[in-house]
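The structure appears below as structure tokens.
The values are calculated or read from the model by the stated rules, or taken from the named source; none is laboratory data. If you're wondering where the values come from, they're calculated on a predicted model, not measured in any experiment. Here Cβ is always computed from backbone atoms with ideal geometry, including for glycine, and neighbour counts include all displayed protein chains.
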Amino acid sequence: MKNVVRTLTCCIALLLLPVMVLSQTQDSKFRLAQTFEQAGDYERAAALYRELLQKDPTNLLFADGLQRALVQLKRYDEAVQLLQQRIAVAPGDVSLRATLAGVYQRSGREQEARAEWERIIAGGPANPTLYRVVASSMIEHRLLEQASEIYRRGRAACNDPSLFTLELAQLRIAMMDYQGASRELVGWLLLNPAQLSFVQGRMAGFVAKPEGRSAAVGVVEEALASHRDVHLYELLSWLSLEGKEFERALELTRIIDNLTRAQGVAILRFADRVYKEGAFTLAARAYQEALAVPLPPRQVPAARYGYATALLETALRGDSLHEPVGSARLRTSHSAARIQEALNAYQAVIREHPRTEYSAKAYYQIGVVQFTRLFDCDGALESFGHVEEEAGAVRVIRSDVALKRGQVYLAKGDTARAAREFTSVARTPGVTPDQQDEAEFRLAELAFFGGRADEAIARLDSITMNLRADYANDALQLQSFLLENSPVADGLALFGQAELLARQRKNSEAIVMLKRVVEQYPTSPLVDDALLRTGELQAEAGFTADALATYERLLTQFRESSIALDRAQFNIAETYQFDLRDPERAIAGYEELLAEFPQSVFSGLARKRIRVLRGDHL
């Protein structure tokens, strides 16, 4: 019995062998034809596809391949003939008919193309799918206006005004008809109120252009005249924010808050949004307005904290015009008063909402201000201590506190405790990448201050690997400085000691050490850096005339070699503005910066300060 089965199996295999061989041959030729087509050798691809199709006339893959190759070779008549043969076999295949219309269009037979498209629609005048097929075919051949007309005809034929809304909106955007696109999208929003974010996403592609945003605003306002719909107000508010029209956006937000009975929550969200946009003064006002509604109790702590932080940012941003860049001390009572107002607001958060996330964050912000702006090291340490007592002090805040506390210990001259704080963050699992980078950067600074340049360079390597990291730029600058000056090891060590003294506000001692660097290593690349740093510390210490002389020496002696010349010129102008209160010389100093160093990073701020000094409106 086994022999009989084996014999029958062999016979069947022998009978099927020619078919199997043929199949393998076809498969091989088909892959070869595809290869020729991908390589752009359409002549040989067409020959192979035709040969395969002759052997297997019902194979759609072979027919499609031959059709594509013929179109690429511009042998349109042959492509038309092939498609007509296929349509004769499958007259209901609208895809084939759309392809035939496209070939007619490509070959310049536009009337025949339109007739074929019309035949497709005639097969089902109330079938939306057929209109989509025809419009897609037209769009493929860049007939955008004609495709729009097909969609509109489909709406009328199907008796559905909302049909093809998104397709028409996309077409109108492509045609730069922003008004038409906005009308379609606004209509869609009115029918689908929950899709506001979707509509905003579609509009985002063109409202970045002034003409696009203007068209969208006009359409929304037109719709509001007949539909007092809260979603339209929300869309209009969003468009106002996109155009930086913050005051109008706030007016619209008030309407939204009333219509939705949000009890100030909409205004609170607006405040959060404009804070992120950098409109801190308006954000502070919006936070206050939300609190006055009044807000639901659970929203109040966030609003109070937001208000305090907006006040602080307003003070600090204002200082860029009213205080020297990187100043280590407050020079105007105006700045001190604004910062104190922010501190009072943080204290209110602590009093009203103790043992919360917001009281912890408020203590942290107070500590930062005490250290960075008031140089009250003991007060800062006390505030940071309170942070850890608060229930809301999560791990991220604790790590931030450790980093700041390390800087405070450094300023107090306790480098050992500073190192322990920075190391604790660097070794804590789960800290953010930015916290890890800052910890490594601070440890690198400590190594530099201690005369261990090689260790500092090695630590900085890990930060400079990711150029998008927050501390990457600082790390690159310090690493470049250390590498450039590493041949002058003793001079670099002196410079590091001077920087450590400067962090402790021992400016006079730091200046003496920097002068030693200039005197002992006059030909090293350290000299221009030492002069610039000397001038900055002299200005901080109140030695104004000495600072100006140091900057002038740098500008004169290193005119051809230093990369710090623009900073020196900017510092001269700052000295005249903030220390000598001489507006005319300050303006002249800023103007010289713009003339000599037009590409300087300080150019923008210099222009703003010139306008402030002249009494112009910003």
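Please work out which residue is modelled with the lowest pLDDT, limiting yourself to the stretch 438-495 and to residues that are among the hydroxyl-bearing types (Ser, Thr, Tyr) and assigned to a helix (DSSP H, G or I).
Only one residue fits best here, namely Thr464.
Pick from Ala115, Ala63, Ala98, Ala135: which is part of a helix (DSSP H, G or I) and more than 28 Å from Tyr151 (Cα to Cα)? Don't jump to the end; show me each part of the working.
Details: Ala115 fails: more than 28 Å from Tyr151 (Cα to Cα); Ala98 fails: more than 28 Å from Tyr151 (Cα to Cα); Ala135 fails: more than 28 Å from Tyr151 (Cα to Cα).
Matching residue, one of Ala115, Ala63, Ala98, Ala135: Ala63.
May I ask you to say which residue of Arg516, Arg459 is closer than 25 Å to Tyr551 by Cβ and among the basic types (Lys, Arg)?
Numbers: Arg459 fails: closer than 25 Å to Tyr551 by Cβ.
Checking each option against the conditions leaves just Arg516.
Scan the stretch 133-155 residue by residue and report those that are closer than 17 Å to Arg183 by Cα and aliphatic (A, V, I, L, M).
Initial filter on the stretch 133-155 (closer than 17 Å to Arg183 by Cα): 145, 148-149, 151-152, 155.
None - no residue of the stretch 133-155 is closer than 17 Å to Arg183 by Cα and aliphatic (A, V, I, L, M), so the list stays empty.
So which helices (runs of 4 or more DSSP H) are wholly in the stretch 223-286 and hold at least 2 residues that are touching a residue at least 40 places away in the same chain (Cβ under 8 Å) and within 29 Å of the chain's Cα centre (by Cα)?
Values: elements: 230-242, 246-260, 265-276.
By residue number, 230-242.
When residues of the stretch 569-593 are filtered for being surrounded by fewer than 17 Cβ atoms within 10 Å (Cβ to Cβ) and closer than 22 Å to Asp528 by Cβ, how many remain?
Count: 1.
Can you tell which of Arg304, Arg373 is of a type outside the set (Gly, Ala, Ser) and modelled with pLDDT under 95?
Values: Arg304 fails: modelled with pLDDT under 95.
On inspection, the qualifying residue turns out to be Arg373.
Here is a list: Ala63, Ala135, Ala98. Which entry is of a type in the set (Gly, Ala, Ser), under 30 Å from Met203 (Cβ atoms) and surrounded by 19 or more Cβ atoms within 10 Å (Cβ to Cβ)? Steps first, answer last, please.
Values: Ala63 fails: under 30 Å from Met203 (Cβ atoms); Ala98 fails: under 30 Å from Met203 (Cβ atoms).
The unique qualifying residue is Ala135.
Being over 29 Å from the mean Cα position of the chain (by Cα), outside any helix (DSSP H, G or I) and of a type in the set (A, V, I, L, M) narrows it down to one of Leu168, Leu190, Leu163, so name that one.
Values: Leu168 fails: outside any helix (DSSP H, G or I); Leu190 fails: outside any helix (DSSP H, G or I).
Testing whether each residue is over 29 Å from the mean Cα position of the chain (by Cα), outside any helix (DSSP H, G or I) and of a type in the set (A, V, I, L, M) leaves just Leu163.
Find the residue count for the stretch 101-112, including only residues that are part of a helix (DSSP H, G or I), free of Cβ contacts under 8 Å to residues at least 12 places away in the same chain and within 47 Å of the chain's Cα centre (by Cα).
1
Scan the stretch 410-422 and give yes if some residue there is within 28 Å of His353 (Cα to Cα) and within 34 Å of the chain's Cα centre (by Cα), otherwise no. It would help to see each step written out before you state the result.
To start, the set of residues in the stretch 410-422 that are within 28 Å of His353 (Cα to Cα) comprises none.
Within the stretch 410-422, none of the residues are within 28 Å of His353 (Cα to Cα) and within 34 Å of the chain's Cα centre (by Cα).
Of the residues in the stretch 341-382, how many are farther than 14 Å from Ala303 by Cα, surrounded by fewer than 19 Cβ atoms within 10 Å (Cβ to Cβ) and touching a residue at least 40 places away in the same chain (Cβ under 8 Å)?
So the count comes out to 2.
Which of the residues spanning the stretch 177-212 are farther than 19 Å from Pro161 by Cβ and of a type in the set (A, V, I, L, M)?
Across the stretch 177-212, the qualifying residues are Ala194, Leu196, Met203, Ala204, Val207, Ala208.
Any idea how many residues of the stretch 269-289 are aromatic (Phe, Trp, Tyr) and out of contact with any Gly (no Cβ under 8 Å at 6 or more places or on another chain)? Give the derivation first.
Pass one, the stretch 269-289, residues aromatic (Phe, Trp, Tyr): 270, 275, 280, 287.
Within this subset, residues satisfying the condition of being out of contact with any Gly (no Cβ under 8 Å at 6 or more places or on another chain) are 270, 280.
Residues that pass the stated criteria total 2.
For the stretch 496-511, name all the residues that are within 16 Å of Phe449 (Cα to Cα) and in a helix (DSSP H, G or I).
Our first condition is that a residue be within 16 Å of Phe449 (Cα to Cα); within the stretch 496-511, this holds for 496-507, 509-511.
Hits for the stretch 496-511 are Gly496, Gln497, Ala498, Glu499, Leu500, Leu501, Ala502, Arg503, Asn507, Glu509, Ala510, Ile511.
Which helices (runs of 4 or more DSSP H) does the stretch 546-618 wholly contain that include 3 or more residues that are among the small types (Gly, Ala, Ser) and farther than 21 Å from Ile511 by Cα? Don't jump to the end; show me each part of the working.
Values: elements: 565-574, 583-596, 603-614.
Hits in the stretch 546-618: 583-596, 603-614.
Anything in the stretch 196-243 that is at pLDDT below 90 and of a type in the set (S, T, N, Q)? List them, or say none.
Of everything in the stretch 196-243, just one residue is at pLDDT below 90 and of a type in the set (S, T, N, Q), namely Ser226.
Out of Ile87, Ile120, Ile150, I need the residue that is surrounded by fewer than 20 Cβ atoms within 10 Å (Cβ to Cβ) and either modelled with pLDDT under 85 or in a helix (DSSP H, G or I) (or both). Which one? Walk me through it before giving the result.
Values: Ile120 fails: surrounded by fewer than 20 Cβ atoms within 10 Å (Cβ to Cβ); Ile150 fails: surrounded by fewer than 20 Cβ atoms within 10 Å (Cβ to Cβ).
Residue meeting the stated conditions: Ile87.
Restricting attention to the stretch 120-164, report how many residues are within 25 Å of Leu190 (Cβ to Cβ) and of a type in the set (D, E, K, R).
Count: 6.
Output the residues belonging to the stretch 418-429 that are closer than 21 Å to Phe384 by Cα and either outside any helix (DSSP H, G or I) or of a type outside the set (Gly, Ala, Ser) (or both). Explain how you work it out, then say what you get.
Start the filter on the stretch 418-429 by keeping residues that are closer than 21 Å to Phe384 by Cα, which leaves 418-428.
Across the stretch 418-429, the qualifying residues are Arg420, Glu421, Phe422, Thr423, Val425, Arg427, Thr428.
Looking only at the stretch 208-249, count every residue that is closer than 17 Å to Glu277 by Cα and of a type in the set (A, V, I, L, M, F, W, C) and tell me the total. Quick ask: steps written out before the conclusion?
Residues of the stretch 208-249 that are closer than 17 Å to Glu277 by Cα, as a first pass: 208, 237-249.
Imposing the further condition that a residue be of a type in the set (A, V, I, L, M, F, W, C) reduces the set to 208, 238-239, 241, 246, 249.
Result for the stretch 208-249: 6.
Take the conditions of a type outside the set (Lys, Arg) and within 19 Å of Leu130 (Cα to Cα) and apply them to Leu191. Does it pass? First the steps, then the outcome.
Details: of a type outside the set (Lys, Arg): yes; within 19 Å of Leu130 (Cα to Cα): no.
The answer is no for Leu191.
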